[in-house]
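Here the structure is laid out as structure tokens; the discussion comes afterwards.
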Amino acid sequence: MITRRSLLATGGVLAATGALTSAAPVAAAPSDDPGLPTRNPLVEQRADPFVTPPTDGMYYLTGSVPEYDRVVIRGASTLDGLAAARERTIWRRPSSGRMGGYIWAPELHRIDGKWYVYFAAGDSDEPFRIRTYVLESPNADPREGGWVLRGQMTTAWDTFTLDATTFAHRGKRYFLWAQSEPGIATNSNLYIAEMASPLALKTAPVRIATPTLSWEVQGFKVNEGPAVLIRNGRVFVTYSASATDARYCMGLLTADENANLLDARSWTKSPSPVFATSAATSQYGPGHNSFTTAGSTDVLVYHARDYRDITGDPLFDPNRHTRVQQVYWNADGTPSFGVPVGRGGPVVRLSPLDAPSLVVRHYEYRLRVDGNVRDVADSQFRFVPGFLGAGTVALQSVNFPDRYVRVDGDVVRVDPFEDTDSYGRAASFARVPGLADGGAVSLRAGTDTYLAHRDGRVELSRPGGDRDARRRATFRLD
């Protein structure tokens, strides 16, 4: 008899990559494996995470520490390696005076052969008098010493200022940040300006976003934490909104890549958040993100908590953990972030070998194959240990992690876990090299039956030696 205790003991809910190995033949990993981390969270108690693009073969991570008292950097040759990498403190706040208060949200950028850290700092006697400052290092490795404080980044107003980032586009470098503007009854808005140098602005600030929508003003009226992704003829800016508890979420601004980025009319705000709390995956308050890449794959870096309820000010709850997951792209060229996927191992999508533009997804809990799945989480799964012991796997839904792919007669669904042998038999498969391509996978449900797609549905099939049927029962992993 399968029990919930035995399921949890074998990692049926939270399984790592190694749980896929068994006596049964296992399909090889896809050759274009982007090298995403196999753990979630990646680093615990690091909020406002910023991971650089690969630089001289290295990734570097910085972020807010729970004590809000220093700037730290760790580095590794892979994203996964950042989890165990040694962390170095490159700067610590003074014991009194200016910058002796809260230290928030450092970002690390390589500009013209030097490293720069933009960070927010308060004063010791007024810790919420937050302004943006910059550190500079000439060293090739930012973890080394030699950092020099270059002072405050001066903007149009001497007001609450934080979450600065910078990016280059069409031969110009831009500064993008959050600030409280006199005369506007908000906590922070988003501004952009061209830079004269890494230490100074060239143009006056242009306000491109103000918190006005219902999901941007929960607890506080906040637009902050901008991050830039330039793809598909557009400049995308994600940002975070509302209070830093479970209401925290991400919005999206979009401009044409040929537009004047210093014209507020060039920017369009999406009407709904693009990334938000998911109670089903137990991920709360996702936000303050950055972007990096793994091979040709865009990667979202963000923080979130594993619980909703917080005692006291959420700003001082230490458990905002650094997480990463793949960014997908819709057919119209816009990004699709899905849901914060929660703790567990690698997340995959299954694409039929004979229809590479389609993916397996669940719709009204039934499995089917579709193209351009904008609700990307409906097409995301985790391989976890099967319910029938060694040699079997189960497919766990990512956005409904209490549900697993299950065969019920001629219907294949994602159904809630049941503590029965019949459920275990119907939801366990042998993961084998693809019938039509050994580098892909096939999922065997019985002696000669496999999951396959036909006419938009996922069903059981007996492909035998039929070439087309074997292709329909073979799936590549994305």
Problem set entry | Number of positions in region 247-284 that are within 20 Å of Q326 (Cα to Cα) and part of a strand (DSSP E or B) | 10
Exercise. List pairs: first in region 437-454 and under 17 Å from A355 (Cα atoms) and touching a residue at least 40 places away in the same chain (Cβ under 8 Å), second in a strand (DSSP E or B) and hydroxyl-bearing (S, T, Y), Cβ under 6 Å, 6+ apart or cross-chain?
Worked result: S442/Y450
Exercise. Which of (1) open to solvent by less than 30 Å² (accessible area, probe 1.4 Å); (2) under 15 Å from V376 (Cβ atoms); (3) touching a strand residue (DSSP E or B) at 6+ places or on another chain (Cβ under 9 Å); (4) not acidic (D, E) does T281 not meet, given it meets every other one?
Worked result: (3)
For this session: Answer yes or no: is there a residue in region 390-400 that is open to solvent by 10 Å² or more (accessible area, probe 1.4 Å), within 22 Å of D298 (Cα to Cα), out of contact with any Pro (no Cβ under 7 Å at 6 or more places or on another chain) and part of a loop (DSSP other than H, G, I, E, B).
Result: yes
Exercise. Within region 219-233, how many residues turn out to be over 20 Å from G338 (Cα atoms), open to solvent by 30 Å² or more (accessible area, probe 1.4 Å) and not small (G, A, S)?
Worked result: 2
For this session: Could you tell me which of the residues G81, G100 is under 19 Å from the mean Cα position of the chain (by Cα), more than 26 Å from G285 (Cβ to Cβ) and surrounded by fewer than 23 Cβ atoms within 10 Å (Cβ to Cβ)?
Result: G81
Exercise. Is it the case that region 49-61 has a residue that's open to solvent by less than 20 Å² (accessible area, probe 1.4 Å), part of a strand (DSSP E or B) and of a type in the set (V, I, T)?
Worked result: yes
Problem set entry | Any chance G171 is free of Cβ contacts under 8 Å to residues at least 12 places away in the same chain and not aliphatic (A, V, I, L, M) | yes
For this session: Any residue in region 118-146 that's at pLDDT 95 or above: show its pairings with residues that are of a type in the set (D, E) and not in a strand (DSSP E or B) at Cβ separation under 8 Å, as long as the two are six or more apart or on different chains.
Result: R131/D158; S137/E144; A140/D56
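Confirm whether R374 is open to solvent by 40 Å² or more (accessible area, probe 1.4 Å) and in a loop (DSSP other than H, G, I, E, B). It would help to see each step written out before you state the result.
Values: open to solvent by 40 Å² or more (accessible area, probe 1.4 Å): yes; in a loop (DSSP other than H, G, I, E, B): yes.
Here the answer is yes, as R374 does meet what is asked.
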Exercise. Just to be sure, is T244 in a loop (DSSP other than H, G, I, E, B) and touching a helix residue (DSSP H, G or I) at 6+ places or on another chain (Cβ under 6 Å)?
Worked result: yes
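Mind telling me which of the residues V228, V222, V206, V217 ends up being within 30 Å of R88 (Cβ to Cβ) and among the hydrophobic types (A, V, I, L, M, F, W, C)?
On the way: V222 fails: within 30 Å of R88 (Cβ to Cβ); V206 fails: within 30 Å of R88 (Cβ to Cβ); V217 fails: within 30 Å of R88 (Cβ to Cβ).
Criteria check complete, one pass: V228.
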Exercise. Just wondering, is there one or more residues in region 19-33 that are at pLDDT 95 or above, open to solvent by 30 Å² or more (accessible area, probe 1.4 Å) and part of a loop (DSSP other than H, G, I, E, B)?
Worked result: no
Exercise. Of all residues in region 378-389 being over 15 Å from L477 (Cβ atoms) and touching a residue at least 40 places away in the same chain (Cβ under 8 Å), which is most open to solvent (accessible area, probe 1.4 Å)?
Worked result: L388
Exercise. Has region 401-414 got any residue that is surrounded by fewer than 17 Cβ atoms within 10 Å (Cβ to Cβ), closer than 20 Å to R444 by Cβ, among the charged types (D, E, K, R) and without any contact (Cβ under 8 Å) to a residue 60 or more places away in the chain?
Worked result: yes
Exercise. For residues in region 418-477 being acidic (D, E) and in a helix (DSSP H, G or I), which is least open to solvent (accessible area, probe 1.4 Å)?
Worked result: D421
Exercise. In region 401-417, what count of residues is obtained for those that are over 18 Å from Y450 (Cβ atoms) and in a loop (DSSP other than H, G, I, E, B)?
Worked result: 3
For this session: Working only within region 314-363, note down all residues that are touching a residue at least 60 places away in the same chain (Cβ under 8 Å), under 30 Å from F220 (Cα atoms) and assigned to a loop (DSSP other than H, G, I, E, B).
Result: P318, N319, R320, V327, T334, F337, G338, V339, P340, V341, G342, R343
Exercise. Just one of N289, N319 is in contact with a Phe, Trp or Tyr (Cβ under 8 Å, 6 or more places away or on another chain), among the polar types (S, T, N, Q) and either within 22 Å of L252 (Cβ to Cβ) or open to solvent by less than 20 Å² (accessible area, probe 1.4 Å) (or both); which is it?
Worked result: N289
Exercise. Of the residues that make up region 191-202, is at least one surrounded by fewer than 19 Cβ atoms within 10 Å (Cβ to Cβ) and acidic (D, E)?
Worked result: yes
Problem set entry | Where T210 falls short, out of the listed (1) under 30 Å from S272 (Cβ atoms); (2) open to solvent by 40 Å² or more (accessible area, probe 1.4 Å) | (2)
For this session: Tell me, please, whether a residue that is in a strand (DSSP E or B) and among the β-branched types (V, I, T) can be found in region 186-193.
Result: yes
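Residue check: is A264 modelled with pLDDT of 95 or more, surrounded by fewer than 17 Cβ atoms within 10 Å (Cβ to Cβ) and among the aliphatic types (A, V, I, L, M)?
Details: modelled with pLDDT of 95 or more: yes; surrounded by fewer than 17 Cβ atoms within 10 Å (Cβ to Cβ): yes; among the aliphatic types (A, V, I, L, M): yes.
Yes: the conditions hold for A264.
Has region 242-261 got any residue that is open to solvent by 40 Å² or more (accessible area, probe 1.4 Å) and acidic (D, E)? Outline the logic, then answer.
Residues of region 242-261 open to solvent by 40 Å² or more (accessible area, probe 1.4 Å): 247, 256-258, 260.
Remaining after also requiring acidic (D, E): 256-257.
Scanning region 242-261 turns up at least one residue that is open to solvent by 40 Å² or more (accessible area, probe 1.4 Å) and acidic (D, E).
The values are calculated or read from the model by the stated rules, or taken from the named source; none is laboratory data. Just so you know, these numbers come straight off a predicted model, no measurement behind them. No Cβ is skipped: glycine too gets one built from the backbone with ideal geometry, and neighbour counts run over all protein chains shown. What goes into the accessible areas is simple: the full protein's heavy atoms, side chains included, and nothing from ligands, DNA or RNA. Shrake-Rupley method; radii C 1.70, N 1.55, O 1.52, S 1.80 Å.
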